[in-house]
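Before any comments, here is the structure.
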Amino acid sequence: MLVRLEPQPGNLYVCYNNVAWIKSDSKAILGIHTHMVSLNPRLTVTHNGHNTWKLHISRVQINDSGSYMCQVNTDPMKSLSGFLDVVVPPDILNHPEHNLEEGASTEGGSISLVCSATGVPKPKVQWRRESGKEIILRAESRDKQALKSVEGEKLVLTNVHRSDMGGYNCIASNGIPPSVSKRFDVHVNFSPTIKAINQLVGAPVEREVTLECIVEVYPKPLNGWYRNEGNVKLHNGNKYNITEEMINLYTWHLNLTIKHLTKSDFGAYSCSSVNALGKSESRIRLQELRLPPKSTTTATPHVHTTVKPRRKQPPAHSKGLNEVVRAKESHFSNQMQQGNDVYSNGIGVLQSAKSVNSGGALESGNGNDMINGAEVQTNFPTRNAYEKSYTPPGALPSPRTPWIFTNGGSHRLACTQKSTTASVIIFWMLFLSQISNFQAVRVVSFLQSRADC
């Protein structure tokens, strides 16, 4: 006879032929054939009318775990055993003896958090902070560790700081879904610390201004604004608007807005915060900001102009133009004086030369424009010889000084001085720009013809 014990889904065991079901660890008979011996209402046995018997266990509990045997009453007896392993997802126990005070301490104290979990198999417990923050473990030597998670049912925080405040999650898991977690709140009590964002604030009259303070404190404090060394408390109204905003569990942003400033509003203000552990305040001085008077004239539209670059001076000459002109005039006068001495001594008559072909001579326009038959010499640095202007061969030099005009008087003398000055200036221009002698002579001729002589 064949006897089989087969674990079936839904905690079902199957035996063939007339059998009895026995709990092996307790030797207790659960049922014979289809008759139940155990008084446990969650246990039942079914038979298919042929050769199969099934043991059903409903609403399985942890104490249902163990070895079960299907026994066939033959000689010799035949049996087959199977083991039922009941798993339990994790669960976190509540400890009524653990009150909320265990999650609170004054700054510098210690906080101990306990998270007890049950389950089969035994779950593992892990601690994490909310928002991905790190858990800070401090030692007595002031060394500290920053950890993303901490293993164990108990989490101890020593020398706690206000930054340790917040939510801590205990997470229990044993591989049987679902994992469970529980949140623990950590509170660190400390006296207020307050600071003004700006201790000196300026604003003009008839405007509004906002004074600001930041306060760190826990538990929640009583905040306020004062004037006159803290003797007058300010309240919300037409003149003042007081607001406060919570930044995190222990930080507050305090605002005081003063509307329609007048002369009497300037002076000292203070923001204050107080709780059961202490009091703190910070002072702010509000002073008048004097604005320049508004202009009554119509504003001239702005016209964008481009600054014209200054012409670069020739770098090769260090002397001024006036200095050079005076030096050339002096040199030219000396040459004319030497010419006078030659004529006064009767040294000869200069021969003529064709000024156009040579490109350097000045031709006389008529007899009246001659300076008593004397020649005018102009020395150009680009030529090797003097370029001459003289009278026709028939004219004889006068024994007088050739620089004294016989027909034109003072007017003719002035004309000659103008021509001489023009020649000197053209010479300097020629020296700077390297123009040809022929071009310079033409410019001098043009200036002489334009003179009112």
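Of all the numbered requirements in (1) in a strand (DSSP E or B); (2) exposed (fewer than 12 other Cβ atoms within 10 Å of the Cβ), Ser81 misses one, and that requirement is (2). Look at (1) more than 33 Å from the chain's Cα centre (by Cα); (2) open to solvent by less than 60 Å² (accessible area, probe 1.4 Å) and you find that His253 fails only one, number (1). Is there a residue being in contact with a Lys or Arg (Cβ under 9 Å, 6 or more places away or on another chain) and open to solvent by less than 40 Å² (accessible area, probe 1.4 Å) anywhere in the stretch 173-183? Yes, the conditions are met somewhere in the stretch 173-183. Here Ser272 clears all of (1) surrounded by fewer than 15 Cβ atoms within 10 Å (Cβ to Cβ); (2) at pLDDT 95 or above; (3) over 19 Å from Glu288 (Cα atoms) except the condition numbered (1).
Taken together, the residues in the stretch 26-72 that are in a loop (DSSP other than H, G, I, E, B) and farther than 30 Å from Pro121 by Cβ amount to 9. Do we find a residue being assigned to a loop (DSSP other than H, G, I, E, B), open to solvent by less than 60 Å² (accessible area, probe 1.4 Å) and modelled with pLDDT of 90 or more anywhere in the stretch 3-22? Looking through the stretch 3-22, none of the residues is assigned to a loop (DSSP other than H, G, I, E, B), open to solvent by less than 60 Å² (accessible area, probe 1.4 Å) and modelled with pLDDT of 90 or more.
Within the stretch 195-224, restricting attention to residues that are part of a loop (DSSP other than H, G, I, E, B) and open to solvent by 60 Å² or more (accessible area, probe 1.4 Å), the residue that is nearest to Leu256 (Cα to Cα) is Glu208. Can you name the residue in the stretch 52-63 that is in contact with a Cys (Cβ under 9 Å, 6 or more places away or on another chain) and without any contact (Cβ under 8 Å) to a residue 40 or more places away in the chain and is also surrounded by the most Cβ atoms within 10 Å (Cβ to Cβ) among such residues? Once the filter is applied, the top-ranked residue is Trp53. Within the stretch 115-127, none of the residues are within 30 Å of Ala276 (Cα to Cα) and modelled with pLDDT of 95 or more. The number of residues in the stretch 145-157 being open to solvent by 50 Å² or more (accessible area, probe 1.4 Å) and within 24 Å of Ser191 (Cα to Cα) comes to 1.
For residues in the stretch 117-144 being surrounded by 15 or more Cβ atoms within 10 Å (Cβ to Cβ) and polar (S, T, N, Q), which is farthest from Asp64 (Cα to Cα)? Filtering the stretch 117-144 for residues that are surrounded by 15 or more Cβ atoms within 10 Å (Cβ to Cβ) and polar (S, T, N, Q), the one farthest from Asp64 (Cα to Cα) comes out as Gln126. Inside the stretch 126-136, residues that are among the basic types (Lys, Arg) and in a strand (DSSP E or B) make up a count of 2.
Of the residues making up the stretch 225-248, those that are open to solvent by less than 50 Å² (accessible area, probe 1.4 Å) and part of a strand (DSSP E or B) are Trp225, Arg227, Tyr240, Ile242. Out of Pro90, Pro76, Pro41, one residue alone is open to solvent by less than 40 Å² (accessible area, probe 1.4 Å) and either modelled with pLDDT of 85 or more or of a type in the set (S, T, N, Q) (or both). It is Pro90. Considering every residue within the stretch 64-72, establish whether at least one is among the aliphatic types (A, V, I, L, M), open to solvent by less than 20 Å² (accessible area, probe 1.4 Å), at pLDDT 90 or above and under 30 Å from Gly119 (Cβ atoms). Taking every residue of the stretch 64-72 in turn, none turns out to be among the aliphatic types (A, V, I, L, M), open to solvent by less than 20 Å² (accessible area, probe 1.4 Å), at pLDDT 90 or above and under 30 Å from Gly119 (Cβ atoms).
Of the residues in the stretch 137-145, none is part of a loop (DSSP other than H, G, I, E, B), out of contact with any helix residue (DSSP H, G or I) (no Cβ under 6 Å at 6 or more places or on another chain), among the basic types (Lys, Arg) and at negative phi.
The values are calculated or read from the model by the stated rules, or taken from the named source; none is laboratory data. Since the structure is predicted, the reported quantities are computational estimates derived from the model, not experimental observations. Reconstructed Cβ throughout: ideal geometry from the backbone, glycine too, with neighbour counts over all protein chains shown. For accessibility, only protein heavy atoms count, side chains too; no ligands or nucleic acids. Shrake-Rupley method; radii C 1.70, N 1.55, O 1.52, S 1.80 Å.
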